[in-house]
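Engineer: If you scroll down you'll find the structure; I have some questions about it.
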Amino acid sequence: MKIENLTQEIEIPEGIQLFIEGKVLRVKGPLGEVSKAFIYPRVKIESNGKTVVLSAKNATKREKRMMLTYTAHIKNLFKGVKEAFVYRLKVCHSHFPVSVSVQKGEISVKNLFGENVPRKLALPSDVEVKLNGDIIEVKGTDIEKVGNCATSLEQLTRISNRDRRIFQDGIYIIEKNGKHV
């Protein structure tokens, strides 16, 4: 069943500016600027100053699903520029003392399972990484970049040739944006 004119409005919070350039939505706020491309052809994005209007003509369930997805993405953009997304990771070690260091856009993990060569990961420029003892804090305005960076850190210390129940050394996500995992 098709819906003739399906529209959804999202209110723009105070202190946030919104720019629409073709299919790219740019959001500017107190913590920075984030942009995202919305390329689904049947859903149109417009702004009238105080709200973002998503609309689709002769919408099927696919367009309705896409509009709900767009709504979630746009709300995440608003939340990111107003209050940053924070992921926390814990460095765990029981067999060898692991040392982690952050320098100039790169994080290195030394002495994981007694390895001589440190494991290194290049960090995205939009993401801020802080090290507080054995807790790593990943912070940024774009939820996708922050989540990908935290996942990459977790995968950096992943092992495949040992029993994971015994060798539990590594870096693990313990908190995603205030929610404990």
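All of the numbers you see were taken from the coordinates with simple rules; none came from a lab. Since the model is a prediction, treat every value here as computed from it, not as a measurement. Cβ placement follows ideal geometry from the backbone for every residue including glycine, while neighbour counts extend to all protein chains displayed.
Engineer: State which entries of 28/139; 23/61; 23/50; 36/120; 75/120; 61/82 exceed 23 angstrom in Cα-Cα distance in the structure shown.
Structural biologist: 36/120; 75/120; 61/82
Engineer: For the stretch 1-41, which trypsin sites (Lys or Arg not before Pro) are both in a DSSP coil and crowded by at most 16 other Cβ atoms within 10 Å?
Structural biologist: Answer in residue order: 2, 23.
Engineer: Rg(Cα) of the stretch 16-67 divided by 2.2 N^0.38 Å?
Structural biologist: That ratio works out to 1.24.
Engineer: Within the stretch 95-157, which trypsin sites (Lys or Arg not before Pro) sit in a loop by DSSP and count at most 11 neighbouring Cβ atoms inside 10 Å?
Structural biologist: 104
Engineer: Report, ordered by chain and residue number, the aspartates and glutamates lying within cross-link reach of residue 64, taken as a straight Cα distance under 18 Å and ignoring same-chain residues fewer than 8 apart.
Structural biologist: 4, 9, 46
Engineer: Right, here's the next one. Rounded to the nearest 20 Debye, what is the dipole magnitude of the chain about its Cα centre when Lys and Arg each give +1 and Asp and Glu each give -1 at the C-beta?
Structural biologist: Here the chain has a charge dipole of around 580 debye.
Engineer: Could you work out which residue, out of 20, 39, 74, moves most in a Gaussian network model of the chain, that is, has the largest mean-square fluctuation with Cα springs under 10 Å?
Structural biologist: 39
Engineer: What are the residues whose amide H is under 5 Å from the amide H of residue 51, where those residues sit 5 or more places off or on another chain and H is modelled from the backbone?
Structural biologist: Long-range HN contacts for residue 51: 12.
Engineer: Dipole of the chain (Lys/Arg Cβ +1, Asp/Glu Cβ -1, origin at the Cα centre): which of 121, 5, 149 lies farthest to the positive side?
Structural biologist: 5
Engineer: Oh, and also: So if R0 is 22 Å, what FRET efficiency would residue 122 and residue 19 give, r being the distance between their Cβ atoms, rounded to the nearest 0.05?
Structural biologist: The formula returns an efficiency of 0.15 here.
Engineer: Also, quick follow-up: Computed from these coordinates, which is Rg and Dmax of the Cα atoms in Å: [x] 16.9, 56; [y] 20.1, 58; [z] 20.7, 64?
Structural biologist: Entry [z].
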